[in-house]
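To start, the structure itself, in structure tokens.
The values are calculated or read from the model by the stated rules, or taken from the named source; none is laboratory data. This structure is a prediction, so every number in the text was calculated from the model and none was measured. Cβ placement follows ideal geometry from the backbone for every residue including glycine, while neighbour counts extend to all protein chains displayed. Quick note on the areas: whole protein, heavy atoms, side chains included, nothing else; ligands and nucleic acids left out. Shrake-Rupley method; radii C 1.70, N 1.55, O 1.52, S 1.80 Å.
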Amino acid sequence: MRLALFDLDNTLLGGDSDHAWGDYLCERGFLDAVTYKARNDEFYQDYLAGKLDQAAYLNFCLEVLGRTEMDVLDQWHRDYMRDCVEPLMLPKAAQLLAKHKAAGDKLVIITATNRFVTAPIAERLGVETLIATECEMQDGRYTGRSTDVPCFREGKVTRLTRWLEETGHNLEGSYFYSDSMNDLPLLDLVANPIAVDPDPNLRALAQQRGWPVISLRD
């Protein structure tokens, strides 16, 4: 079965779910709206610039999971999906997913954003397989730390390679859709790399290499 791999933030979504989660927590008063938002914005700019310290960011953004009860987190996430994620849904992204599904392809979302934030989003998009940065759990609740290899830059290749070995899938004829130069290691690996509403650096590289450049926001 051919694989159709998709980045999530700013690719299938018209925005960044991780950054939006931080904004949601600040806007509702669950986190300090001044200091947390400023640091969250700083990390996001580092990500866009390709210089994100992933370990520092994970320590920062997962801390709230470790000090909050699971039933509260679940309620927060339901409100976040309704108020923040639904406005980011793109009809053309749904059409693209449907096109690959109709062709018999295996749909996979592979994202640097953590599984707590993204699992309900993948379900909302109708994609069963999600490879994401993992949140450590102990005794039925989050510890506030990450576990396993972060699914970011070369880590996406590491995590995907392991999944391929575990499931017996391969990259023959595969597609990968992404907006970000951070995903270059995986874009270089697949048969059909496709830039989606790409950042300036990825757009320039895609044009240089003759990769398709598409928009899901038109």
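Set the Förster radius R0 to 25 Å, insert the Cβ-Cβ distance between GLN138 and ASP79 as r into 1/(1 + (r/R0)^6), and round the FRET efficiency to 0.05.
Numbers: r = 26 Å, r/R0 = 1.03.
Result of the calculation: an efficiency of 0.45.
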- Unit charges at the beta carbon, dipole of the chain: most positive-side option, ILE131, PHE60, THR161: THR161
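Assigning unit charges at the beta carbon (Lys, Arg +1; Asp, Glu -1) and nothing else, what dipole magnitude in debye, to the nearest 20, does region 59-218 show about its Cα centre? Could you put the intermediate results ahead of the total?
Details: 18 positive and 24 negative charges, 84 e Å.
Once rounded to the nearest 20, the dipole reads 400 debye.
Would you work out what percent of the accessible area of the chain, with all protein chains in place, is carbon or sulfur (probe 1.4 Å)? Walk me through the numbers before you get to the answer.
Working: 4960 of 10090 Å².
Accessible surface attributable to carbon and sulfur in the chain totals 49 percent.
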- Cα-based Lys proximity count in the chain, under 29 Å, for pairs eight or more positions apart or on separate chains: 9
- Query: Any idea how far apart ALA55 and LYS101 come out in nm if each label point goes 7 Å out from Cα toward Cβ?
  - Reply: 4.0
- Accessible area expressed per residue, the chain, with surrounding protein chains retained (probe 1.4 Å, Å²): 46
- Query: Once the whole set of protein chains is in place, how much accessible area is left on HIS77, using a 1.4 Å probe, in Å² to the nearest 10?
  - Reply: 10
- In terms of the charge dipole of region 2-128, which places +1 on Lys and Arg and -1 on Asp and Glu at the beta carbon, the residue among MET81, GLY29, LEU97 farthest towards the positive end is LEU97
- Listed values (1) 39, 20, 14; (2) 28, 19, 17; (3) 26, 25, 14, entry calculated as semi-axes √(5λ) of the Cα gyration tensor in Å: (2)
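Just want to confirm a number: the relative contact order over the chain, from Cα pairs under 8 angstrom separated by 6+ residues, in percent.
Values: 339 pairs, mean separation 55.7, N = 218.
Relative contact order comes out at 26 percent.
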- With the dipole of region 168-216 defined by +1 on each Lys or Arg Cβ and -1 on each Asp or Glu Cβ, the option from ALA206, LEU189, ASN170 whose Cα lies farthest towards the positive pole is ALA206
- Item | For GLU69, solvent-accessible area (1.4 Å; no DNA, RNA or ligand), Å² | 100
- Message: If the only charges are +1 at each Lys and Arg Cβ and -1 at each Asp and Glu Cβ, what is the size of the charge dipole of region 44-143 around the Cα centre, to the nearest 20 debye?
- Response: 540
